[in-house]
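First up is the structure itself, then whatever we jot down about it.
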């Protein structure tokens, strides 16, 4: 069993990889001002970005769900890794060799399970790729050539070949130090009737499936021979690192251009992704043996920043199955802020077949000829009814009006309502416009989609209860209180610019902070050595000194949150120091005055004199703070 990772190595790993470089592998980041970056939070659904990254401090924080931490915390949370696995993974990326307190330098068998499974897939991908050049793989090379893919294309996408024998890969990975248990857990091997592991993929063309960071986590295998009794496509089973509903094929290659162009093109297969990329549509991605669904949407939303100027284009065959898939995609349209469109391939051809038949330009033209998904869904809704009869026109209106009411942009919604009236042959255009507006209004009142609202009204069912808002984690703070705002600002300065409040801040007592959570943060700063001795590891020390995860999250939040001033300097810091101290003095004055009243008519002379003296000193100090500012501290 691996020993504890050396503390110096852990620190080296934390310092080696900038947090913005790690986070930007998973979501698009934009300038948030003050040296911070922002994006859509990967840990909860949101419409506008509340997730911020501070490269200078090496921290991230979401002001929506209160998740926060450093680079290690981010990787642990987003990839569900243990601390040791995260350090090992980041160390591998940074080229740092880890030492363990027990057992010296780490051999492969000491790595965390996820790291081992990823490493097995990395080696397997190279093995399959090398096998594509073997004589046995000629059938695979012919398959690729027949679809317009040369050797360079195969190498670009890492396409390989799995030998037809029972255990070629299994024996190869054993030779690399992997155990049978690891091979079975990875999904690269499976149990045989004899009880010994054999290769899961045999005699097939292999596509490596990578996560958004580019790590191989699974494979898609295409049947090549008639005597192969398996399915046409065989994918890696669900494993600790591969969840097909969380993966988009080609996302590692497409993510930068998706973020740059604000467009993603969703196709149906591996060869379609290859064809699109080679034709210049480098934003193409595909699902891996499953329908496009909610978790796939989350991946794209983070890359597209969910702004209204972005677009998701779905490509489907023009047959009935393709149209059905398009309508399924339409059902998820409201989960995007992006516009959604559909490109129907001519003659039932997929993008790969279209490229082969008509060339790269035809694939690019297909995407450019897209139709808004709303228009497609409206036409499909109308087409199911006989428009030659009044009853058919009425039914078509009831089918299509909720679709129009779903359109977010009110001006576009009105335009489609007018078009729908023309489609149906209803001369009273305003009747259709009013019906669409009525459904949209009912939906807003009930917090539903217009089609759901129509159903609930027609059935006279009570509206669904609005779900209770998610409970906010962490202690409640009264941010309307001027005192709490000033204390918050001072703590942000103490965490973000400790030199501006040193050494005065270190002399502040816990009783100078009125909000209990801020008292705990003040205590953590003190436990970390205070602002006067803040060094490169200061923020990490403060976070480590926090008594629990709630306070640690608050420290992270304050370390990332923007300071409420355009110019952050000693003058601004002095104002915050003075305000916190002055309010503390005024509170103490009120307490002493209340104490004087409680002494009654015949107080003890010595006690009275001491209380009066304290009151006089406090009042003088308060005046000095008002007159001289930070010079009186």
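The values are calculated or read from the model by the stated rules, or taken from the named source; none is laboratory data. A quick note: this is a predicted structure, and the numbers were derived from the prediction, not measured. Backbone-built Cβ (ideal geometry, glycine too); neighbour counts: all protein chains shown.
Which residue pairs have Cβ atoms under 6 Å apart, sit 6 or more places apart or on different chains, and have a first residue in region 80-98 that is more than 16 Å from residue 119 (Cα to Cα) and a second that is modelled with pLDDT under 85 and crowded, with 18+ Cβ neighbours inside 10 Å? Within 6 Å, the pairs are 82/112; 98/106.
Any chance region 522-542 includes a residue that's in contact (Cβ under 8 Å) with a residue 60 or more places away in the chain, under 28 Å from the mean Cα position of the chain (by Cα), assigned to a helix (DSSP H, G or I) and over 21 Å from residue 481 (Cα atoms)? The answer is yes, given that some residue of region 522-542 is in contact (Cβ under 8 Å) with a residue 60 or more places away in the chain, under 28 Å from the mean Cα position of the chain (by Cα), assigned to a helix (DSSP H, G or I) and over 21 Å from residue 481 (Cα atoms). Scanning region 186-197 for residues being in contact with a strand residue (DSSP E or B) (Cβ under 9 Å, 6 or more places away or on another chain) and farther than 23 Å from residue 249 by Cα gives a total of 4. Here the condition is being at pLDDT below 95, under 33 Å from the mean Cα position of the chain (by Cα) and in the same structural domain as residue 588 (by TED's automatic domain parsing); of 471, 515, it holds for 515 alone. The condition (being in a helix (DSSP H, G or I), assigned by TED's automatic domain parsing to the domain that holds residue 516 and touching a residue at least 24 places away in the same chain (Cβ under 8 Å)) is satisfied by just one residue among 586, 614: 586.
Residues that are assigned to a loop (DSSP other than H, G, I, E, B), touching a helix residue (DSSP H, G or I) at 6+ places or on another chain (Cβ under 6 Å) and outside the structural domain of residue 27 (by TED's automatic domain parsing) occur at least once in region 223-236. Could you tell me which numbered condition residue 213 fails, if it satisfies all but one of (1) farther than 21 Å from residue 121 by Cα; (2) out of contact with any strand residue (DSSP E or B) (no Cβ under 8 Å at 6 or more places or on another chain)? Here residue 213 meets the rest and fails (1).
Quick check on this structure: which one of 169, 183 is in contact with a strand residue (DSSP E or B) (Cβ under 6 Å, 6 or more places away or on another chain) and touching a residue at least 60 places away in the same chain (Cβ under 8 Å)? Being in contact with a strand residue (DSSP E or B) (Cβ under 6 Å, 6 or more places away or on another chain) and touching a residue at least 60 places away in the same chain (Cβ under 8 Å) holds for just one of 169, 183, which is 183. Scanning region 189-217 for residues that are at positive phi and in contact with a helix residue (DSSP H, G or I) (Cβ under 7 Å, 6 or more places away or on another chain) returns a single hit, 214. Taking region 543-576 as the range and being assigned to a loop (DSSP other than H, G, I, E, B) and under 14 Å from residue 495 (Cβ atoms) as the test, the residues that pass are 546, 561, 562, 563, 568.
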